[in-house]
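Only one structure is covered here, and it is reproduced in the block below.
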Amino acid sequence: MLRIPALGIVVAALAGSAVASPLPGQPGCPAPVAFCDAGCYDLGNKVTGVVAPPNYGLRLDGMFGNPSDHWTFDFEAPQTGVQMCYDGLGTITIEGVAYGGLDVGGAWDAVQQGFLEIHFTYLNASCVNGDLLVLESNGGLAFGTVEWVNTGEVIHLSGKANAAGEIFLFDGHAGDPARGWVMYGDGRVGDFAMTVAPTTDCPPAPDCDGDGIPDSQELDCNQNQIPDDCEELPDCDGNGISDLCEILGGAPDVNQNGIPDVCEPGVEVFCVPDPQVGFTVPCPCGNDILPGAIGGCLNSTGQGAKLVASGTPSIAAADLLLTVENLPAEQPGIFISGVLPESNGAGVPFRAGVLCIAGPIVRLQKVPSSPGGQSMLPANGFDPIWMQVNALPGETHYFQFWFRDGDGPCGGRANLTNALRVTFGL
């Protein structure tokens with residue numbers, strides 16, 4: 001049970017049973033078979049006791065004043081409950097709220113009765129023949145508090161042991177459910193006594209979205225202890241995985257804006273030689289195009305061959321069309337592609353033009369230019385572009401057109417268009 005202010009304890013005690021937190025590393029309490037099994041146990045009232053009131057669950061002798069006072073508490077009164085969790089390795093945690101008061105004439109003193117909050121931990125326990133023992137703990141191996149909810153008085157408990165050097169807590173075989181231990185805290189002595197029963201009525205593992213999977217096993221890509229499903233993180237492609245998870249898992253995000261490229265398909269003119277801006281290396285023989293124009297280096301037409309796109313880079317739509325203009329008429333040419341820019345986008349001189357793509361270069365369709373100096377990809381009857389380059393959603397590919405130009409400048413007899421950077425989407 002979490003520590004909360006005293007007034008909050010009253011509310012908790014009146015609203016429902018108090019329960020212990022599950023053991024560290026456990027999503028909840030397993031169902032124990034015997035008292036040596038790791039798990040949680042409900043603590044019940046002592047059924048063999050003769051101290052009034054009958055069937056008390058907890059007795060504290062002299063811990064709240066006069067050494068002869070007998071304070072008794074009920075684990076099974078309405079709105080109360082105490083639970084013990086044993087980790088199987090030696091740690092026992094007992095937490096909950098009991099109700100009771102000073103024994104006066106075989107009954108609780110009405111003036112002094114009330115709720116008591118219990119927080120206690122043993123760090124030294126073992127099993128012998130099925131019996132659960134707490135060993136002598138004078139060395140500081142046990143600690144805890146009991147606190148009156150009504151008054152806020154806190155009693156610190158420490159150093160639990162009896163004269164024999166060990167304390168017999170619970171017996172899984174003998175059949176006598178009444179067991180207890182002596183406490184020495186602040187110079188006062190108390191005596192717990194109760195029965196135990198295996199239980200699975202334990203705090204359920206947190207499951208914020210109610211899907212039956214504990215929060216601890218859900219994706220938490222931003223590591224804020226809240227499953228991503230419960231934060232409604234952006235999921236641009238609706239595949240059930242947040243954008244953050246996809247990017248951390250390797251999904252491309254070239255512009256690093258936190259949105260996977262699969263959700264931001266687009267086409268960008270790339271690698272245009274411009275002598276004033278210096279987008280690329282200079283054209284091989286001063287055959288740069290006019291500043292601000294789009295195209296490759298000047299060819300025999302007196303212009304730079306221009307590569308443009310229409311349609312969309314959507315794989316589902318499959319309607320992307322690349323068109324080349326300003327080509328020498330009726331000359332051989334071929335579309336090429338790569339997955340990287342050459343020299344970080346500056347390109348390298350090649351024949352009479354600038355080669356802009358790399359990594360490795362793939363030859364696509366051979367498409368001669370038309371009498372009007374045009375060419376397109378895909379040509380009629382050919383596969384969509386994404387199929388030709390085996391593109392996946394979110395991938396970026398680079399395209400260029402390489403063409404013969406026997407009468408062109410530089411004596412290179414071939415030239416290239418500008419390039420396009422295409423990011424494919426769903």
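The values are calculated or read from the model by the stated rules, or taken from the named source; none is laboratory data. All values reported here derive from a predicted model rather than from experimental measurement. Here Cβ is always computed from backbone atoms with ideal geometry, including for glycine, and neighbour counts include all displayed protein chains.
Which residue is farthest from T93 (Cα to Cα), if the candidates are limited to the stretch 36-48 and must be among the hydrophobic types (A, V, I, L, M, F, W, C) and either at pLDDT below 65 or surrounded by 21 or more Cβ atoms within 10 Å (Cβ to Cβ) (or both)?
First pass over the stretch 36-48, keeping only residues among the hydrophobic types (A, V, I, L, M, F, W, C): 36, 38, 40, 43, 47.
From the residues that got through so far, the ones that are either at pLDDT below 65 or surrounded by 21 or more Cβ atoms within 10 Å (Cβ to Cβ) (or both) too are 40, 43, 47.
Values: C40: 9, L43: 12, V47: 23 Å.
Per the criteria, the residue is V47.
Only residues in the stretch 374-392 that are free of Cβ contacts under 8 Å to residues at least 60 places away in the same chain and in the same structural domain as S337 (by TED's automatic domain parsing) count as the first member; pair them with residues that are acidic (D, E) and buried (at least 17 other Cβ atoms within 10 Å of the Cβ), Cβ under 8 angstrom, at least 6 apart or cross-chain, and list the lot.
Q374/E325
When the residues of the stretch 237-258 are filtered to those that are surrounded by 15 or more Cβ atoms within 10 Å (Cβ to Cβ) and more than 18 Å from the chain's Cα centre (by Cα), which remaining residue is farthest from T417 (Cα to Cα)? Before you say what the answer is, go through the steps one by one.
Looking only at the stretch 237-258, we keep the residues that are surrounded by 15 or more Cβ atoms within 10 Å (Cβ to Cβ), and these are 237, 241-247, 251-253.
Subset that is more than 18 Å from the chain's Cα centre (by Cα): 237, 252-253.
Numbers: D237: 34, P252: 27, D253: 27 Å.
Here the answer is D237.
Answer yes or no as to whether G359 is farther than 20 Å from C283 by Cα and at pLDDT 95 or above.
Numbers: farther than 20 Å from C283 by Cα: yes; at pLDDT 95 or above: no.
For G359, the condition - farther than 20 Å from C283 by Cα and at pLDDT 95 or above - is not met.
Can you say whether I92 is in contact with a strand residue (DSSP E or B) (Cβ under 7 Å, 6 or more places away or on another chain) and over 16 Å from L58 (Cα atoms), as far as the supplied structure shows? Write out each step before concluding.
Working: in contact with a strand residue (DSSP E or B) (Cβ under 7 Å, 6 or more places away or on another chain): yes; over 16 Å from L58 (Cα atoms): yes.
Yes, satisfied.
Residues of the stretch 298-314 being in a strand (DSSP E or B) and hydroxyl-bearing (S, T, Y), which ones?
Within the stretch 298-314, S310, S314 qualify.
If you go through the stretch 324-373 one residue at a time, how many are of a type in the set (K, R) and either loosely packed, with under 15 Cβ neighbours inside 10 Å or outside the structural domain of S300 (by TED's automatic domain parsing) (or both)?
Residues of the stretch 324-373 that are of a type in the set (K, R), as a first pass: 351, 363, 366.
Still in the list and also either loosely packed, with under 15 Cβ neighbours inside 10 Å or outside the structural domain of S300 (by TED's automatic domain parsing) (or both): 363, 366.
Residues that pass the stated criteria total 2.
Report whether or not A52 is part of a loop (DSSP other than H, G, I, E, B), modelled with pLDDT of 70 or more and more than 44 Å from the chain's Cα centre (by Cα). Write out each step before concluding.
On the way: part of a loop (DSSP other than H, G, I, E, B): yes; modelled with pLDDT of 70 or more: no; more than 44 Å from the chain's Cα centre (by Cα): yes.
Answer is no for this residue.
Tally the residues that are hydroxyl-bearing (S, T, Y), surrounded by fewer than 20 Cβ atoms within 10 Å (Cβ to Cβ) and either in a loop (DSSP other than H, G, I, E, B) or more than 49 Å from the chain's Cα centre (by Cα) (or both), restricting the search to the stretch 387-420. I'd like the intermediate steps shown before the answer.
Residues of the stretch 387-420 that are hydroxyl-bearing (S, T, Y), as a first pass: 396, 398, 417.
Filter again for surrounded by fewer than 20 Cβ atoms within 10 Å (Cβ to Cβ), leaving 396.
Narrowing the set further to residues that are either in a loop (DSSP other than H, G, I, E, B) or more than 49 Å from the chain's Cα centre (by Cα) (or both) leaves none.
Number of matching residues: 0.
Name the strands (runs of 3 or more DSSP E) wholly within the stretch 75-125 that hold at least 2 residues that are among the charged types (D, E, K, R)?
On the way: elements: 81-86, 92-104, 114-122.
Result: 92-104.
Tell me, yes or no, whether the stretch 289-297 has at least one residue that is at pLDDT 95 or above, surrounded by fewer than 15 Cβ atoms within 10 Å (Cβ to Cβ) and assigned to a loop (DSSP other than H, G, I, E, B).
Start the filter on the stretch 289-297 by keeping residues that are at pLDDT 95 or above, which leaves 295-297.
From what is left, the residues that are surrounded by fewer than 15 Cβ atoms within 10 Å (Cβ to Cβ) are none.
No, the stretch 289-297 contains no residue that is at pLDDT 95 or above, surrounded by fewer than 15 Cβ atoms within 10 Å (Cβ to Cβ) and assigned to a loop (DSSP other than H, G, I, E, B).
Rundown of residues vs (1) of a type outside the set (D, E, K, R); (2) farther than 27 Å from A205 by Cβ; (3) assigned to a helix (DSSP H, G or I), yes/no style:
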residue: I226; (1), (2), (3): yes, no, no
residue: C236; (1), (2), (3): yes, yes, no
residue: I241; (1), (2), (3): yes, no, no
residue: E246; (1), (2), (3): no, no, yes
residue: P252; (1), (2), (3): yes, yes, no
residue: Q256; (1), (2), (3): yes, yes, no
residue: V262; (1), (2), (3): yes, yes, yes
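Exactly one condition in (1) in contact with a Leu (Cβ under 8 Å, 6 or more places away or on another chain); (2) in contact (Cβ under 8 Å) with a residue 12 or more places away in the chain is not met by G311; state its number.
(2)
Taking the options G140, G152, name whichever one is outside any strand (DSSP E or B) and modelled with pLDDT under 70. Spell out how you get there, then give the answer.
On the way: G152 fails: modelled with pLDDT under 70.
Criteria check complete, one pass: G140.
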